[in-house]
Amino acid sequence: MDPSFAPMMLGMTLFLVTGAVILLRPITKRLGEYLELRAEERRGATAVVPADTQRMLTVLEALDQRIARLEERQEFTDALLDGRQTNRLAQK
């Protein structure tokens with residue numbers, strides 16, 4: 001194995017984890033707020049208006065769709081880059 005492989009993998013891992021935190025923090029923050037509202041509703045402290053619940057469900061569904069599209073794009077990019085690597089190896 002190439003001795004520069006380990007630092008490269010460490011750098012890529014750090015980059016990917018940082019990117020995931022930046023992308024997913026707003027989603028998890030809103031999900032946390034939603035779960036807090038649901039917990040308060042169960043305790044009877046506050047009553048959540050059905051329109052608010054419906055709005056939150058709509059937002060979560062939209063986020064789910066966006067994440068699904070991002071996953072598809074990532075898989076396509078990975079496949080494209082993998083194909084380039086294969087083509088480069090075949091040319092050598």
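What follows is calculated from the coordinates using simple rules that are stated; it is not laboratory data. Fair warning: this is a prediction, and the values are worked out from it, not measured in the lab. Methodologically, a virtual Cβ is constructed for each residue, glycine included, from the backbone with ideal geometry; neighbour enumeration extends over all protein chains shown.
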For the residue pair Ala79 and Arg30, what label-to-label distance in nm results when each label sits 7 Å from Cα along the Cα-to-beta-carbon direction?
-> 2.9
Throw me the Rg/Rh for segment 7-68, computed over C-alpha atoms with Kirkwood Rh, two decimals.
-> 1.19
